[in-house]
Amino acid sequence: MEKLQQFEDIHTEYKKSQNSIPRAMWETVSSFANTDGGNIFLGVDEIKNGNSSYFKPCGVNNVNKLITDLLDTVKDKSKISTQAFKEDNIETLSYDNKKIIKISIPKAEYKNRPVYLNGNPKKTYIREGERDSKANEDDLKSILIDSKGTDNYDLLNGFDIDDLKIATIQNYRGILFDQTSDKNILNMSVPDFLKSIGLMRKDRKTNEFKLTKAALLLFGKFNSITDIYKSFMLDFIVKNTPLDVDYIDRVYTSNSIENPDNIFEFYIQVSEKMKSLVDNKFKLRDLIRKDDGEKLITVLREGLVNSLVHADYRSGLPTKISFFKDKIEFENAGQMRVSTENFFIRTDSKTRNDLIFQAFIQARLGEHTGSGGYRILSNTQQMKLKTPEITTDVKKTKLVIWKITEKDIIDSLPVKWQEPYKIISEKLVVSYSDLSYLFKTKYEGMKILKEMINAGLIIRSGKNKGTRYLISSDSPTIKRRTSEYIKLMQKGTF
């Protein structure tokens with residue numbers, strides 16, 4: 001039986017609703033569908049306990065009637081713009097002889113967003129933490145732009161080969177030849193080469209071959225790119241910590257001779273920078289494999305490609321890669337086309353920039369068939385690094401790849417937290433009696449546990465003798481075990 005977690009979050013919402021569908025539930029349906037999906041539980045009440053609260057099943061009185069009402073309403077376009085869930089997304093659960101309805105809301109396909117209420121796009125909701133928020137103008141603009149699909153294939157009028165950097169194309173051509181050994185690649189003219197890889201296409205109205213927007217982004221001169229994408233910006237910075245004011249090194253797109261102009265030049269320069277930052281003799285505590293450095297470089301390149309091929313260059317927001325002492329953050333404009341739950345699983349790829357993606361795939365600079373996220377997870381798990389993290393909202397996506405192990409994390413905690421955290425992380429749920437021997441007094445123990453709760457490491461559930469302490473869903477232990485479970489499912493172990 002699935003256990004009810006004792007908090008709401010970006011993917012979980014509880015509603016009491018014993019007799020009818022609560023009106024506010026549809027705001028949650030909209031927000032889950034527009035953001036990253038989630039689960040709504042009907043028949044669960046929030047019990048206030050002083051400054052804290054917990055959730056307790058109260059049950060639904062007439063399950064069949066409520067499910068019928070749900071299915072009738074979700075098909076009503078005057079209520080909700082698209083059918084956000086179907087009968088297969090509804091389950092009936094039983095807790096203490098009380099019936100609960102679980103509705104799993106999948107992330108809506110980009111072409112069906114925004115999902116809005118009452119026939120009014122201004123009643124579009126997004127999920128922020130544990131609450132549903134009405135989308136503001138910028139949010140709605142981002143969703144609407146994304147819903148139109150890619151502009152990669154758009155043909156450019158008034159642009160020609162002079163708007164591209166020939167040296168960049170030749171560099172790419174050389175890499176492609178190294179991978180394929182196809183001598184025809186070397187003998188083609190630049191226009192014919194671009195036609196062969198789909199970056200120069202025929203205008204069916206005039207029969208004239210024209211550059212695509214993807215060609216401009218990949219190989220264009222910076223000033224030519226910004227004629228179309230006014231705020232085009234790719235930025236790579238190196239700092240020890242996010243709090244540092246000054247950076248150690250930086251690469252960014254501009255029209256100056258020492259900086260990259262376009263996506264492909266940026267990829268080449270940043271790849272080399274990251275390789276130099278990761279010692280090939282890279283070692284972590286308890287690791288003895290000689291290829292750990294190469295594995296980390298592979299992971300980081302995959303993260304870089306992922307950001308560049310999924311970025312929404314129409315948004316006006318930059319693509320930013322931040323290389324810190326303990327982690328690397330890849331942030332790009334645009335919401336992920338798949339849910340965060342599916343990112344680390346082998347799945348069908350849903351790329352925003354198809355032609356840019358294909359250019360990287362043809363040169364074997366990225367993973368095909370939607371396995372890039374899985375490859376990132378697999379390699380970091382082999383190196384025993386803290387599990388990578390992926391978050392997305394209607395405006396941007398952020399991937400965090402860690403360079404530290406879980407043991408490093410525990411060692412970084414205050415000494416008085418380390419033993420309680422180890423025990424809770426092993427058992428996942430404990431009572432105070434399971435930990436009491438660690439503390440001199442109960443006062444000291446309760447004080448330490450409260451500090452750990454406030455730091456977001458653990459969660460308190462229940463009250464009095466029923467009080468339990470759980471590892472937070474954001475903890476590295478939970479994320480690692482979830483990742484391992486996913487891998488076992490894929491191998492068919494479960």
Quick check: from the Cα gyration tensor, does the stretch 94-195 come out rounded (a/c under 1.5), prolate or oblate? prolate
Other residues with Cβ under 9 Å from the Cβ of ASP36 give, with Lys and Arg +1 and Asp and Glu -1, a net charge of 0
Under unit Cβ charges (Lys, Arg +1; Asp, Glu -1), what dipole magnitude, rounded to 20 debye, does the stretch 400-461 have relative to its Cα centre? 200
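Using a 1.4 angstrom probe, figure out how much accessible area the chain has per residue, in square angstrom, rounded to the nearest whole.
Details: 24500 Å² over 494 residues.
Solvent-accessible surface per residue comes out at 50 Å².
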Considering only DSSP beta bridges whose two residues both sit in the chain, what percent are antiparallel, to the nearest 5? 85
Stretch gain in nm, segment ARG23-LYS442, where the contour uses 0.36 nm per residue and the Cα spacing is subtracted: 146.3 nm
Relative to the longest principal axis of the chain, what angle (0 to 90°, nearest 10) does the C-alpha long axis of helix 476-491 take? 70
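For the stretch 212-271, give the magnitude of the charge dipole about the Cα centre (Cβ charges: +1 Lys/Arg, -1 Asp/Glu; no others), in debye to the nearest 20.
Details: 5 positive and 8 negative charges, 51 e Å.
Here the stretch 212-271 has a charge dipole of around 240 debye.
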Along Cα→Cβ, 7 Å out, is where each label goes; now give me the distance between the ones at SER231 and GLN382 in nm to one decimal. 3.9
Specify whether the C-alpha gyration tensor of the stretch 131-246 places it in the rounded, prolate or oblate class, a ≥ b ≥ c being the square roots of the eigenvalues: rounded for a/c under 1.5, otherwise prolate if a/b is larger than b/c and oblate if not. oblate
Helix-only mean residue ellipticity at 222 nm, the chain, DSSP H runs n ≥ 4 weighted -39,500 (n - 2.57), per residue, nearest 500. What is it? -11000 deg cm²/dmol
Roughly how many Å is it from the Cα centre of the stretch 164-210 to that of the stretch 9-33, as a whole number? 51
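Where nothing but the Cβ of Lys and Arg (+1) and of Asp and Glu (-1) is charged, how large is the charge dipole of the stretch 1-152 around its Cα centre, in debye to the nearest 20? Could you put the intermediate results ahead of the total?
Working: 24 positive and 24 negative charges, 88 e Å.
For the stretch 1-152, the charge dipole is close to 420 debye.
Using the structure shown, list the pairs from LYS99/LYS442; LYS75/LYS102; LYS48/LYS403; LYS183/LYS221 with a Cα-Cα distance above 29 Å, or answer none. List each step's numbers first, then the result.
On the way: LYS99/LYS442 39 Å; LYS75/LYS102 18 Å; LYS48/LYS403 41 Å; LYS183/LYS221 27 Å.
Cα-Cα > 29 Å for LYS99/LYS442; LYS48/LYS403; rest within.
Could you work out the relative contact order of the stretch 34-159? I mean the mean sequence separation of Cα pairs under 8 Å and 6+ apart, divided by the number of residues, in percent.
Normalised by residue count, the contact order of the stretch 34-159 is 25 percent.
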List the residues, sorted by chain then number, that are 5 or more residues from LYS386 or on another chain and whose placed amide H is less than 5 Å from its amide H. ILE404, THR405, GLU406
Whole-Hz couplings from phi, Karplus 6.51/-1.76/1.60, listed for the stretch 325-341; x for Gly and Pro: 4, 10, 7, 10, 10, 10, 10, 9, 5, x, 7, 4, 7, 10, 6, 4, 4
In terms of the alpha carbon gyration tensor, root eigenvalues a ≥ b ≥ c, rounded if a/c is under 1.5 and otherwise prolate when a/b exceeds b/c or oblate, the stretch 378-445 is prolate
Loop-only trypsin sites (Lys or Arg not before Pro) in the stretch 397-473, please: DSSP not H, G, I, E or B, and at most 15 other Cβ atoms within 10 Å. LYS440, LYS463
Label-point separation in nm, ASP72 to SER147, each point 7 Å along Cα→Cβ: 2.7
Return the Cα extents of the chain along principal axes one, two and three, sorted largest first, each rounded to a whole Å. 77, 59, 45
Return the Rg/Rh value of the stretch 408-475, two decimal places, where both radii are evaluated on C-alpha atoms and Rh is the Kirkwood radius. 0.92
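The values are calculated or read from the model by the stated rules, or taken from the named source; none is laboratory data. Small disclaimer: the values here were computed from a predicted structure and weren't measured. Because the Cβ atoms are built from the backbone with ideal geometry, glycine has one as well, and the counts that use them run over all protein chains shown. Keep in mind that these areas ignore ligands, DNA and RNA; they rest on the heavy atoms of the full protein, side chains included. Shrake-Rupley method; radii C 1.70, N 1.55, O 1.52, S 1.80 Å.
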